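The values are calculated or read from the model by the stated rules, or taken from the named source; none is laboratory data. Note that this is a predicted model, so its numbers are computed, not measured. Cβ coordinates were reconstructed from backbone atoms using ideal geometry, including for glycine residues, and neighbour counts include every protein chain displayed. Ligands, DNA and RNA are stripped out before the accessible areas are found, and what is left, the full protein with its side chains, is counted by its heavy atoms. Shrake-Rupley method; radii C 1.70, N 1.55, O 1.52, S 1.80 Å.
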Amino acid sequence: MKEPLDLIIRDGSVVLSNDIRQMDIGISNGRIVQLAKGLTTPAKKTISASGMIVMPGMIDAHVHLNEPGLGAWEGFASGSAALAAGGCTTYIDMPLNGIPPTVTVAALEQKLAAAQGKSVVDYALWGGLVPGHLDDLRALDEAGVIGFKAFMSSPGDPSEDAFREVDDATLLAGMKIIAELGHILALHAESEPIVAALTKEKLAEGAISAADYTASRPVRAELEAVNRALLFAEQTGCALHFVHISSAVAVQTIADAKQRGVNVTLETCPHYLVLTDHDLELIGPAAKCAPPLRSQSEQEQLWAMLAAGHIDMIASDHSPCPSELKQSDNYFTAWGGIAGAQNSLELMIDEGYTKRGVPLPVLSRMLSFAPASRFGLSDTKGEIRIGADADLVMVQLDAPYTLEEQHLYHRHKHNPYIGRKFGCRVMATWSRGNMVYEVKSGIAEPFAGQWLSGAPACAKQEV
């Protein structure tokens, strides 16, 4: 008699790399071991996915969970719960917005201690490239960071022990070291001189509205930083990943660099694809981010770039804070970050697939396979195939609901999508074959997410 499987998920419309097939998924010891229609192997448990789509769990390469030191802002427990409820099964936590920032091995160890036993799903960690810590890059690499992150504009925290932006000398020197390590550098690309000068002008005029804030961070600030970083990449051979790109012209510039042989990828975020600068004015600071939301015209051009295959991946840039930091009429002093960890996959299916006809395998590639491939996780994650981790999300396409505060699992319940009607809904999420979220019962315990340490293979470009 055959050894029974741990779980069979039956009759779902399974999103594979290039197509969708109605089939069963057999799971044992946390891995996918069978994929076929009408599996006859006995199983300890069977779940029907009839009428549902089953996708690889999202891999969110850009979240800020703010530990150690700022767990009251978010924390691994609440942040990972929100991610799991949104169909995310792996995330990569950024090195800033925690105290201390992850720019030394000691700080990395503090973050790992904070995460131990607190994460619902698997996670990896970014290290930081900041002035004064070039000598820490190699040690962080050996300690297991997935890659490095740098800011080309001010991160906005004035405290002495906070994460700092890089000057050109630090950026160039750091890229040389990261290239030697075979790792990857993620960049927040906005020109600090441009942003600082425009911000100074606006504040001198007493201009503090949503439109004033947006005007202080124009597309040209993003484009100048992108071009400068690409020049440095060509000089050093450093693999680059641009985070939260917000403009089509920047996407095209990066695509052109790829054609020249530069090892570079980019992400955009759901908020740039579903919200505009007009929404910032309507919603208020809950929709403030950097780079800022763009015009409707810019958004349509971004969708065109996505359709043309020039956007590699989608990430949330979940950047939470206590709600009182969002309650200001001054858009320059209100906290800049969108708390969207729970909504990325539903937004992309709803807006991308249902409304715009982007095929589900294409969306799945941007949400799951591309980040897994780029950041060295594709041996076991990022797609539904024999041997992969059973990291899965079950979505009902015809399940309209209106998002309310009570649905949100992240700590502070401000969110630009509250009141938005979604056409689809995440019904369940599995991490390594264990159901970690179910729409009726919520988040399951114990929290068993595992740390995924990095390796130099992260610099692969084939996404």
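Numbers for the structure displayed
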| read-out | value |
| --- | --- |
| Tally of residues being open to solvent by 10 Å² or more (accessible area, probe 1.4 Å), in contact with a Gly (Cβ under 7 Å, 6 or more places away or on another chain) and either within 13 Å of residue 346 (Cα to Cα) or not in a loop (DSSP other than H, G, I, E, B) (or both) across the range 398-430 | 2 |
| Residue list for the range 87-100, restricted to those being over 23 Å from residue 376 (Cα atoms) and touching a residue at least 60 places away in the same chain (Cβ under 8 Å) | 97, 99, 100 |
| Count - residues of the range 194-235 that are part of a helix (DSSP H, G or I) and within 27 Å of the chain's Cα centre (by Cα) | 24 |
| Filtered residues of the range 260-284 (kept if closer than 20 Å to residue 371 by Cα and outside any strand (DSSP E or B)) | 261, 262, 263, 269, 270, 271, 272, 273 |
| Selection within the range 353-372 - farther than 16 Å from residue 62 by Cβ and either touching a Ser or Thr at 6+ places or on another chain (Cβ under 8 Å) or not charged (D, E, K, R) (or both) | 353, 354, 357, 358, 359, 360, 361, 362, 363, 364, 365, 369 |
| Residue among 378, 368, 364, 373 that is out of contact with any strand residue (DSSP E or B) (no Cβ under 8 Å at 6 or more places or on another chain), farther than 23 Å from residue 276 by Cβ and open to solvent by less than 10 Å² (accessible area, probe 1.4 Å) | 373 |
| Output for the range 287-328, where each listed residue is in a helix (DSSP H, G or I), touching a helix residue (DSSP H, G or I) at 6+ places or on another chain (Cβ under 8 Å), under 25 Å from residue 155 (Cβ atoms) and open to solvent by 20 Å² or more (accessible area, probe 1.4 Å) | 298 |
| Residue that is modelled with the lowest pLDDT [pool: residues in the range 162-190 that are in a loop (DSSP other than H, G, I, E, B) and over 12 Å from residue 240 (Cα atoms)] | 162 |
| Selected residue (criterion: surrounded by the most Cβ atoms within 10 Å (Cβ to Cβ)) from residues of the range 35-86 that are in a helix (DSSP H, G or I) and small (Gly, Ala, Ser) | 84 |
| Residue among 345, 363 that alone is hydrophobic (A, V, I, L, M, F, W, C), in contact with a Phe, Trp or Tyr (Cβ under 8 Å, 6 or more places away or on another chain) and part of a helix (DSSP H, G or I) | 363 |
| The range 129-161, subset in contact with a Leu (Cβ under 6 Å, 6 or more places away or on another chain) and in a helix (DSSP H, G or I), residue surrounded by the most Cβ atoms within 10 Å (Cβ to Cβ) | 141 |
| Filter result (more than 21 Å from residue 106 (Cα to Cα) and either touching a helix residue (DSSP H, G or I) at 6+ places or on another chain (Cβ under 6 Å) or buried (at least 23 other Cβ atoms within 10 Å of the Cβ) (or both)) within the range 174-183 | 175, 176, 179, 182 |
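Residue-by-condition table, conditions (1) aliphatic (A, V, I, L, M); (2) under 29 Å from residue 351 (Cα atoms):
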| position | (1), (2) |
| --- | --- |
| 207 | yes, no |
| 224 | no, no |
| 229 | yes, no |
| 237 | no, no |
| 251 | yes, yes |
